[in-house]
Structure formats: structure tokens, C-alpha cells
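Novice: Got a structure here, written out as C-alpha cells. Questions coming.
The values are calculated or read from the model by the stated rules, or taken from the named source; none is laboratory data. For clarity, every value in this text was computed on a predicted model and none was experimentally measured. All Cβ positions, glycine included, derive from the backbone under ideal geometry; neighbour counts span all protein chains shown. What goes into the accessible areas is simple: the full protein's heavy atoms, side chains included, and nothing from ligands, DNA or RNA. Shrake-Rupley method; radii C 1.70, N 1.55, O 1.52, S 1.80 Å.
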Amino acid sequence: MDVEDISTITPLELISLEEPPATKEGAIEFLLDLAVDAGRVSDRDAALAALLEREEEATTGVGFGIGIPHAKTDTVSQPTVAFARSTEGIDFDAMDDKPARLLFMILVPAEGGEDHLQILSALSRSLMHEDVRENLLEAESEEKVQDILAEVVA
């Protein structure tokens, strides 16, 4: 994934510094609504169903205070990543039992299996670094979040 892709995959309107709802499903809907409001999702209900179905298969709470709900769906025409963060953390059923404070929702077109895996692995790798997580938690603007993602996902 190229650096210039970050502004395409995660434009500023998909980054929220507002506090998301305190439940896993509420947080997923909050992230999804960022994508819906940005015109990235053609069918909110179908996208939500795909995300929740994926949650039932296995937790997307990857540990280290990170939740990455994700799905492949025909409701998006291009890879989309939305970001939010939670001050208190949200129970995402993570293997380390830590609440998720950094939330990334990944939606890719149903045919975009390769994109999905590339985005997921690039994010997962970069988020294993404590300094990256701290920088995202402390970022004071949507632009700063985007800059951090551009640096680490390149």
C-alpha cells in the first residue's frame, strides 16, 4: 500500500476524534456511519450485517487495546478504513482482555480479498509498536492521525 493511498483509503472524514459509543456494536455502527456519511457505503444495513457476521466468526479485538472490525461487502466500491478512539476503551473480546481504545473499521469490496489482507496486515504490524499506538491516542487532529497512518502503513 502506497502512502498516497492513505488519503484515498482513509480520507479525513473517516477519522473521528469524538468519543464513540461504549459498546462494541455501538462503536461498529459509529465507524460505519462515518463511511456512510462520507458516501462510501451504498447500503448501511447490508454493510452492518457483514461486519456483525464477521464479529460472530471470531473476535476482531486483536489485543494491545486495538479493535479492527472488518468485512468484505458489495456495499463499498473501494477499500475504506474508518478510525475512532475511545478514552475508556470498549470491550472487543480481545484475547488479552484489554479494552479497545484504537478502533479501525475496514470495509473492502467483496472482490477485494487481496486489498483486505494487505490493509489488515499493514495495520496490524504497525499497531504492534507502542509508540504508534501512543501517537494515535495523543493525536490532536484528524490530519495528525492521517499523517501517522501514512507513515506506518507505507
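Novice: Looking at (1) open to solvent by less than 10 Å² (accessible area, probe 1.4 Å); (2) not in a loop (DSSP other than H, G, I, E, B), which is the only condition Leu117 fails?
Specialist: Single failed check for Leu117: (1).
Novice: Give the number of residues within the range 122-137 that are in a helix (DSSP H, G or I) and open to solvent by 50 Å² or more (accessible area, probe 1.4 Å). Talk me through it step by step, then tell me what you get.
Specialist: Taking the range 122-137 first, the residues in a helix (DSSP H, G or I) are 122-127, 130-137.
Okay, now just the ones that are also open to solvent by 50 Å² or more (accessible area, probe 1.4 Å), so 125, 130-131, 134-135.
Within the range 122-137, residues that are in a helix (DSSP H, G or I) and open to solvent by 50 Å² or more (accessible area, probe 1.4 Å) number 5.
Novice: Separate question: So in the range 1-43, with the set limited to residues that are of a type in the set (Val, Ile, Thr) and either without any contact (Cβ under 8 Å) to a residue 60 or more places away in the chain or closer than 20 Å to Gly89 by Cβ (or both), which one is most open to solvent (accessible area, probe 1.4 Å)? Step through it out loud before you land on a result.
Specialist: Applying the first criterion (of a type in the set (Val, Ile, Thr)) to the range 1-43 yields 3, 6, 8-10, 15, 23, 28, 36, 41.
Restricting the remaining residues to those that are either without any contact (Cβ under 8 Å) to a residue 60 or more places away in the chain or closer than 20 Å to Gly89 by Cβ (or both) gives 15, 23, 28, 36.
Numbers: Ile15: 8, Thr23: 81, Ile28: 1, Val36: 45 Å².
So the residue we want is Thr23.
Novice: What number of residues within the range 102-128 are in contact with a Lys or Arg (Cβ under 6 Å, 6 or more places away or on another chain) and over 16 Å from Ile9 (Cβ atoms)?
Specialist: 2
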